[in-house]
Amino acid sequence: MNDTPERALHEAESWLVSAKHTLMDAEEEDAKITVCCAQAIHALIRANDALSLKSFGHKSTRHEDAAALFAKLVREKKLPDKAIRFKDLISTAMRDKSGADYGKGSFSYEDAKLYVERTENFITMVKDVLKI
């Protein structure tokens, strides 16, 4: 199966839907809050993959490289100037990924809510850029 920008974006949207659903049910339950953050981070990764696949024909092979690839998209002017505001989000998400995936990170309900909101904004930007 070949990965395409459309497939990556569709998966990003699915991860986001799952994160939103988990957030609605999370309240003060630490496990669900952590899962919500992990889902939002995976949505970010797949949306970033969509951009990379469209612009470069490939995506990062390691999650740690996702932030560098996003920075390259910004640096090479393949994204609108306003996209730079997501650079810190991508970097933070890549740092938080292992903690979220393996339950070693500490996230609050507000952290999860912010991840969902920012991820939704990122995906909206990706859809606008890709015209998908």
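The values are calculated or read from the model by the stated rules, or taken from the named source; none is laboratory data. Note that the structure is predicted; figures quoted are calculated from it, not measured. Note that we place each Cβ from the backbone using ideal geometry, even for glycine, and neighbour counts take in every protein chain shown. What goes into the accessible areas is simple: the full protein's heavy atoms, side chains included, and nothing from ligands, DNA or RNA. Shrake-Rupley method; radii C 1.70, N 1.55, O 1.52, S 1.80 Å.
With respect to the conditions (1) touching a His at 6+ places or on another chain (Cβ under 8 Å); (2) open to solvent by 60 Å² or more (accessible area, probe 1.4 Å), Arg62 falls short on a single one, namely (1). Here Ser55 meets each of (1) of a type in the set (Ser, Thr, Tyr); (2) in a loop (DSSP other than H, G, I, E, B); (3) under 14 Å from Ala8 (Cα atoms) with one exception, condition (2).
Only one of these is among the small types (Gly, Ala, Ser) and within 22 Å of His10 (Cα to Cα): Ala31, Ala93. Name it. It is Ala93. The single residue among Ala31, Ala26 that is touching a residue at least 24 places away in the same chain (Cβ under 8 Å), over 24 Å from Asp3 (Cβ atoms) and open to solvent by 50 Å² or more (accessible area, probe 1.4 Å) turns out to be Ala31. Checking the range 101-123 against the condition returns no match, with no residue being surrounded by fewer than 19 Cβ atoms within 10 Å (Cβ to Cβ), β-branched (Val, Ile, Thr) and assigned to a helix (DSSP H, G or I). Exactly one residue out of Ala47, Ala19, Ala38, Ala71 is farther than 18 Å from Met125 by Cβ, of a type outside the set (Phe, Trp, Tyr) and assigned to a helix (DSSP H, G or I), and it is Ala38.
Just checking, does the range 85-99 include any residue being of a type in the set (Ser, Thr, Tyr) and touching a helix residue (DSSP H, G or I) at 6+ places or on another chain (Cβ under 6 Å)? Looking through the range 85-99, at least one residue is of a type in the set (Ser, Thr, Tyr) and touching a helix residue (DSSP H, G or I) at 6+ places or on another chain (Cβ under 6 Å).
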